[in-house]
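What follows is calculated from the coordinates using simple rules that are stated; it is not laboratory data. All figures in this text were calculated on a predicted structure; none of them were measured in a lab. Cβ placement follows ideal geometry from the backbone for every residue including glycine, while neighbour counts extend to all protein chains displayed.
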Amino acid sequence: MILPTKYVPASDSVLGRAADLLPLRYSNSTVSELWYSYRGANLEVSFDSFTEALTLLFLIGVVSIDAGVLKWQV
């Protein structure tokens, strides 16, 4: 689910996981480095849900990729 509902808590929604990625941003990080940082904090999260959250951030213009490096607009 993209948004939290009565049955899906915010931490399990794509929007909630995208919000969890924001504190982990730092300059010159790659997708792999962000994944390892995120995975270290959330062991139960799959790579698919991580990519969904990162895709959401990309679609709304929060992050872009330049030569394999994530560029944050926030």
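Having 3 or more residues that are surrounded by 10 or more Cβ atoms within 10 Å (Cβ to Cβ) and of a type in the set (S, T, N, Q) is the bar; report the helices (runs of 4 or more DSSP H) wholly within the stretch 14-74 that clear it.
Answer list for the stretch 14-74: 47-59.
Given the conditions (1) assigned to a loop (DSSP other than H, G, I, E, B); (2) of a type outside the set (V, I, T); (3) in contact with a Pro (Cβ under 9 Å, 6 or more places away or on another chain), which single one is not true for K6?
In the conditions (1) assigned to a loop (DSSP other than H, G, I, E, B); (2) of a type outside the set (V, I, T); (3) in contact with a Pro (Cβ under 9 Å, 6 or more places away or on another chain), K6 misses (3) alone.
Enumerate the pairs (first residue in the stretch 31-54 and within 14 Å of A18 (Cα to Cα); second residue anywhere and surrounded by 14 or more Cβ atoms within 10 Å (Cβ to Cβ) and of a type in the set (S, T, N, Q)) with beta-carbon separation below 8 Å, excluding pairs fewer than 6 apart on the same chain, so at least 6 apart or on different chains.
Cβ pairs passing all conditions: S37/S29.
Regarding the stretch 28-51, can at least one residue be identified that is of a type in the set (G, A, S) and touching a Gly at 6+ places or on another chain (Cβ under 6 Å)?
no
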